[in-house]
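Take a look at the structure below.
The values are calculated or read from the model by the stated rules, or taken from the named source; none is laboratory data. It should be emphasised that the depicted structure is a prediction, and the values quoted were computed from it without experimental measurement. We place every Cβ from the backbone using ideal geometry, glycine too, and count neighbours over all the protein chains shown. Side chains included, ligands, DNA and RNA excluded: accessible areas come from the protein's heavy atoms. Shrake-Rupley method; radii C 1.70, N 1.55, O 1.52, S 1.80 Å.
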Amino acid sequence: MMIHKLFKNTGKFLSIATIALSATVATSSAYAESDWPTGPVKMIMHTKAGGSADVFIRTLAKSLEPQIGQEIIVINSPGGGGASQMGRIRPADPDGLTLGINTLTHFTGMLTNLKGTFALDDFSWIASTQEDAIIFFVKEDSDIKNIDDLIAKARSNNGSISIGGFGPIGSMQNIGMSMLAKSAGVDLKWVGFNATPDIISALLGGHVDVGISNLGALKSFFDADRIKGLGVLGEKRLSSLPDVATITEQGYDVDNSWLQVRGVFGPANIPMETQQKIADAFHKAMQSDYYQQYARAAGVEDSLMGPEAYTTFVKKISKIAKVQLEEAGVLK
């Protein structure tokens, strides 16, 4: 009706508008009525192969592929704390065939180094999958044995102790480090990397003093006695590392709600019906024995929010991230 009123005296423009509108409606209907998935599903990852999120999706794919009857193609696109990945997902068709795994770093990035480049509304926030505490760790032969040792060394070295973690200043893990530094009243030097394997390589090579990451990508190094844990940022110890005390247990006041969250997202305007199918498929695949064995060993907790709940959560956690960034001195 509005188009007819606007262009009633211009038949040429009306025809163009009508054709464009018909094409848009047809496209939307095709996506809405499609039986997802209609082809292979590309999972664009923001880390290199071997990162915690990468390990998650490659493990889940073994249960998800036979369930949906399509191949999961994992494409690693690291860089810019998620910028490279989001730059490939945002322009994709909203058919649910191009997705990615997000972490809290995506939300902190959109408030800091990616502000003005990406926004929450550029994407569909489809489902949560995991909650994962972060852990501070060192080489097995390090003279740093716990958080007290780390803080004491930081004080004696005038802030020259380096912490290697994922992403730039303002990333999820960087904020975790900032919480500890603020609580202890010391300065710590941040060194950002694009993937957990890079963090471990730098630590073992003596290029950083301490690493910070999630357990999933670290587990094999703990099992091989190549690294040891200093402290867990979370409400409780990890079942896989029961001897590593939480930072709170060690006497430091940090926000234990600051957990890593992994979720599934895609380009904006994916129909809600398709989003729900994706969420249901991921959550069902997570119930397999194979996946559950990995999840419990990695010390992660299942999170099962669907599209509406996860979108609400994303908006809420972004507000919390803004507060944490301000307290860390990243945002003024």
Is there any pair linking a residue in region 182-201 that is without any contact (Cβ under 8 Å) to a residue 12 or more places away in the chain to one that is assigned to a helix (DSSP H, G or I) and charged (D, E, K, R), with Cβ under 9 Å and at least six apart or on different chains, and which? Gly185/Arg155
Under 8 Å between Cβ atoms, which residue pairs at least 6 apart in sequence (or on different chains) link something in region 306-328 that is under 25 Å from Met179 (Cα atoms) with a partner that is at pLDDT below 90 and among the polar types (S, T, N, Q)? Ile320/Ser257
What number of residues within region 282-294 are open to solvent by 10 Å² or more (accessible area, probe 1.4 Å) and among the aromatic types (Phe, Trp, Tyr)? 2
Just one of Ile227, Ile270, Ile199 is modelled with pLDDT of 95 or more and closer than 29 Å to Leu325 by Cα; which is it? Ile199
Read through the list (1) free of Cβ contacts under 8 Å to residues at least 60 places away in the same chain; (2) of a type in the set (Val, Ile, Thr); (3) under 16 Å from Phe137 (Cβ atoms), then give the number of the only condition that Val210 fails. (1)
Is one or more of the residues making up region 65-73 under 21 Å from Ala279 (Cα atoms), under 16 Å from the mean Cα position of the chain (by Cα) and touching a residue at least 24 places away in the same chain (Cβ under 8 Å)? no
Based on what the data block shows, is Lys236 at pLDDT below 95, open to solvent by 10 Å² or more (accessible area, probe 1.4 Å) and in a helix (DSSP H, G or I)? no
Note on Ile270: of the conditions (1) open to solvent by 40 Å² or more (accessible area, probe 1.4 Å); (2) assigned to a loop (DSSP other than H, G, I, E, B); (3) under 20 Å from Lys42 (Cβ atoms), unmet is (1)
From the list Gly80, Gly69, Gly39, Gly87, pick out the single residue that is within 30 Å of Lys332 (Cα to Cα), surrounded by fewer than 21 Cβ atoms within 10 Å (Cβ to Cβ) and at pLDDT 95 or above. Gly87
Scanning for something without any contact (Cβ under 8 Å) to a residue 60 or more places away in the chain, farther than 29 Å from Val186 by Cβ and acidic (Asp, Glu), does region 265-283 turn up at least one residue? yes
Given Ala328, Ala279, Ala297, which one is in contact with a Lys or Arg (Cβ under 9 Å, 6 or more places away or on another chain) and surrounded by 16 or more Cβ atoms within 10 Å (Cβ to Cβ)? Ala328
Are there any pairs with C-beta distances below 8 angstrom linking a residue in region 242-259 that is farther than 17 Å from Gly299 by Cβ to a residue that is open to solvent by 60 Å² or more (accessible area, probe 1.4 Å) and among the hydroxyl-bearing types (Ser, Thr, Tyr), with the two at least 6 apart or on different chains, and if so which? Val254/Thr248
